[in-house]
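All remarks here apply to the structure that follows.
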Amino acid sequence: MPTTVKIDPITRIEGHMAVELTVETVNGVRQVIDARCSGTMFRGFETLLIGRDPRDATPYTQRICGVCPIGHGLASAIALENACGIRPPHNGRILRNLILGTDFLHSHILHFYHLTILDYINTAGLLDKAPWSPGYTAADMINGATARALAEHYITALAMRRKAHQMGAIFGGRMPCAAGFVVGGATDVATNDKISAFRSLLSEVRAFVDNSLIPDARTLCAAFPAYFQIGAGCGNLLAYGGFDLDNSGSARLLPSGRYTNGGFHPFDGSYITESVRHSWYADDCGTLNPASGNTLPDAEKTGAYSWIKSPRYQNVVHELGPLARMWISGEYRRGVSVMDRLVARALETRKIADAMDVWLNQLVPGEPTCAATTIPTTAGGVGLTEAPRGALGHWIRIEDGKIARYQVITPTAWNASPRDDADQPGPIEQALVGTPIADTSQPIEALRVVHSFDPCLACSVHLARPGQGAGHKPVARHSRNN
Ligand code: NFE
């Protein structure tokens, strides 16, 4: 007899997400046989940008999310540069890489230590007060000296995230939501003092990544080998590419590409569409490429269960994120699972930190960082890049010198998407199917699957309007803090 299990809200993510699981015993194992992911708040940044100066998009869209503001700032700047036909100068490109890199370091460390390891360690006697407790517990959790060491690294990781933000502020003016990103490049100028201050902090964060993050990810792998077989999902992987290595945009640290139905293929953004069949948006919003997409909320829509739309590539479900990027680049191809996502993310952290050290050496102190810009009266632009959680795209349409249309598709919109026009479940929905659930009152196994994707619902659904009918969609709540 199937049981319905709801986790609402999912905690230790950014934003507001719920999952509904159908659990049944199959071949003697109680497991998830169906799952639905719901983004429970309305996303509205696209609508509030309409009619504004196109340059407003860069500071405004950084406010979509405090975890990955730099990805949004960069995507919007690239979209405008695409519309204007310009590129940043050498130093501007490198400063943007460095600021984006600091956000990856901060976010990947945040995910592993502050959002994930509490699914795997018994915190009794360690972090056993609010907000860490009460929480799910399970018989397989790590105890003793290993748990204590991980909990200590949890504390150290807070300082490392601060250092990453300090690095971002050196060249970005402030973090989160750097002020130093503009269409045409960056506003700061590289000086020897700033380069030296940045390198000093980077050395500390790199040492933490090498000596704690990567070994701790290996510790989880050794303690939870079953999770190399759990959470596979759709198996299709997609990356837009990010961190330009030259001023032509042809070489990138994180290459673009896709792995679809077992084969490698090039990526072409014109094949992206968003379905709204099961999303709280008017049917007029789908199934469109974001260059012509709309955001028309419809909170009463029959058959809908999420504020997230369903992005698809040629109507095929794809997973985005560090594992997808490391897979596309050929640096990690062990498999697709909960543990593979954690390992790939840790290895990518080191890859980006190492690249940042090289980029610092490439800065030429005092050289210009921003290209002159004239915003066209009528134009369209696309800004594709990578954010910590995966590929990120902004699409802008300018009419009469103002923003006439703006669309954002975040990595979590792909990963946490609901069913689409063909009723294909989204990546997390697919990854949850087959997950064994030992105790339906504490479905921690499902939480480990969801957390491996590092979802950010603030990015995917951004604006609450309490009391106006287009805000939180009430769902029966799971009583325990998970
Ligand atoms: Ni709000 Fe984001 C990242 C973006 S989430 S954290 O990374 O874009 O999908």
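Checking every one of the GluC sites (Glu not before Pro) in region 18-123 against DSSP loop status and a limit of 13 other Cβ atoms within 10 Å picks out no site at all.
Ignoring aspartates and glutamates fewer than eight residues from Lys194 along the same chain, the ones with Cα atoms less than 17 angstrom from its Cα are Glu204, Asp357, Glu367. The alpha-carbon of Lys301 sits under 16 angstrom from the alpha-carbons of these lysines, leaving out residues fewer than 8 places away in its chain: Lys309, Lys473. Among 328-335, 138-145, 236-243, sorting by the average number of other beta carbon atoms lying within 10 angstrom of each residue, highest first, gives 236-243, 328-335, 138-145.
With all pairs of different C-alpha atoms in the average, the Kirkwood value for the hydrodynamic radius of the chain is 22.5 Å.
Show me the ranking of peptides 184-191, 34-41, 271-278, 257-264 by mean Cβ neighbours inside 10 Å, starting with the highest. Numbers along the way, then the final one.
On the way: 184-191: 20.9, 34-41: 24.1, 271-278: 22.5, 257-264: 15.1.
Top of the packing list down: 34-41, 271-278, 184-191, 257-264.
Region 193-249 and region 388-402 have Cα centres spaced 26 Å apart.
Applying 1/(1 + (r/R0)^6) with R0 = 51 Å to the Cβ-Cβ distance of Ala226 and Ile375, what FRET efficiency is obtained, to the nearest 0.05? According to the calculation, E is roughly 0.40. Label separation (Thr25 vs Glu399): 6.1 nm, computed from points 7 Å beyond Cα along the C-beta direction.
Summarising the label geometry, the points placed 7 Å from Cα in the beta-carbon direction at Asp283 and Ala138 lie 4.1 nm from one another.
Estimate the FRET efficiency between Ile155 and Asp53 by the formula 1/(1 + (r/R0)^6), using the beta-carbon distance for r and 51 Å for R0, to the nearest 0.05. Computed FRET efficiency for Ile155 and Asp53: 0.70.
Give the calculated FRET efficiency between Asn361 and Asp423 to the nearest 0.05, with a Förster radius of 35 Å applied to their Cβ-Cβ distance. Calculated value: 0.10. With Cα atoms defining each centre, region 36-102 and region 303-320 are spaced 21 Å apart in the structure. Among 9-19, 192-202, the peptide with the highest mean count of other Cβ atoms within 10 Å heads the list, and the full ranking is 9-19, 192-202.
Each reported figure results from applying straightforward, stated rules to the coordinates on display, with no laboratory input. It should be emphasised that the depicted structure is a prediction, and the values quoted were computed from it without experimental measurement. Virtual Cβ from ideal backbone geometry, glycine too; neighbours counted across all protein chains shown.
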